[in-house]
1. Being under 29 Å from the mean Cα position of the chain (by Cα) and surrounded by 14 or more Cβ atoms within 10 Å (Cβ to Cβ) narrows it down to one residue among Leu118, Leu131, Leu109; which is it?
2. If you go through the stretch 126-140 one residue at a time, do you hit one that is at positive phi and modelled with pLDDT under 95?
3. Kindly establish whether Glu110 is over 28 Å from Gly197 (Cα atoms) and either in the same structural domain as Gly197 (by TED's automatic domain parsing) or at pLDDT below 90 (or both).
4. Which is modelled with pLDDT under 90 and polar (S, T, N, Q), of Thr181, Thr167?
5. Determine, yes or no, whether Thr150 is closer than 19 Å to Ser215 by Cβ and either assigned by TED's automatic domain parsing to the domain that holds Gly82 or surrounded by 15 or more Cβ atoms within 10 Å (Cβ to Cβ) (or both).
6. For the structure I just gave you, tell me whether Gly159 is at positive phi and not polar (S, T, N, Q).
7. Out of Val127, Val172, Val186, which single residue is in contact with a helix residue (DSSP H, G or I) (Cβ under 6 Å, 6 or more places away or on another chain), β-branched (Val, Ile, Thr) and not in a loop (DSSP other than H, G, I, E, B)?
Amino acid sequence: MTKIDALRRCILPCFSATTTVSSTTTIATTKKRLSTSLRDDIQEDHLQDNPENDEDSTTTDESIPTHPHQAPARPSKTMVIGTIFGHRRGHVWFCVQHDRLNTKPSLLLELSIPTHQLVKEMRCGLVRIALECDRSDLSSCPLHSVPVWTMYCNGRKLGFAIRRKPTENNRVMLKTMQSMTVGAGVIPAGLGSDGDGELMYMRANYECVVGSCDSESFHLINPDDCPGQELSVFLLRTR
């Protein structure tokens with residue numbers, strides 16, 4: 001009996017430990033499966049039980065105002081014919097025509113810069129003529145009707161520019177150049193020129209850019225076979 005009791009004491013704990021381990025493994029496995037299924041159920045139930053999330057997101061998207069991007073107004077551009085002319089010992093004139101057959105220009109300005117000085121400036125290849133007037137005095141006057149301008153040439157103040165009405169000599173000169181759009185030369189005295197001698201001229205196409213009621217500019221367009229000559233005339237109404 002003593003030997004049998006000893007064997008029982010040695011064998012029984014082995015069986016009981018194995019049983020405990022297997023049951024623990026089974027429980028752990030079972031718990032693992034349950035936890036996985038519950039996690040899926042919780043996510044599905046959370047999505048089904050809370051439809052307010054979709055409504056809130058939809059409401060949030062709808063509540064955000066959408067403003068279409070508004071581009072600034074583009075300046076208008078047109079093509080005009082511009083003629084710079086003047087006597088060798090006189091002053092420079094600037095004439096703008098929308099139609100070369102019309103001898104009545106839309107803008108005619110007498111500039112205070114001498115002809116020989118403008119020729120000297122043009123040899124550098126860059127000429128910027130800025131004509132400015134005061135907005136406080138001429139706020140309601142169209143730019144082409146402003147009588148007097150303060151003139152700047154390449155950043156230097158050079159007197160004034162005065163709006164003129166075309167004279168008979170001006171009309172004759174423009175009539176002699178009706179068949180010409182681009183060119184430069186000399187008109188002999190007596191043929192569209194007054195008694196001051198020969199008249200030098202340069203005629204070309206200009207791009208007219210109207211930025212606003214207070215700004216307008218004319219930019220020389222060079223022919224393809226001619227070297228680059230940058231010449232621009234700006235009309236600016238400042239404060």
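1. Of Leu118, Leu131, Leu109, the one residue that is under 29 Å from the mean Cα position of the chain (by Cα) and surrounded by 14 or more Cβ atoms within 10 Å (Cβ to Cβ) is Leu131.
2. no
3. no
4. The conditions single out Thr181.
5. yes
6. yes
7. Val127
Here's the yes/no breakdown for (1) touching a residue at least 60 places away in the same chain (Cβ under 8 Å); (2) within 27 Å of Pro223 (Cβ to Cβ):
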{"site": "Lys120", "(1), (2)": "no, yes"}
{"site": "Leu126", "(1), (2)": "yes, yes"}
{"site": "Leu138", "(1), (2)": "yes, no"}
{"site": "Thr150", "(1), (2)": "no, no"}
{"site": "Lys157", "(1), (2)": "no, no"}
{"site": "Pro166", "(1), (2)": "yes, yes"}
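The values are calculated or read from the model by the stated rules, or taken from the named source; none is laboratory data. Because the structure is predicted, anything quoted here is derived from the model rather than measured. As a convention, Cβ positions derive from the backbone with ideal geometry for all residues, glycine included, and neighbour counts pool all protein chains shown.
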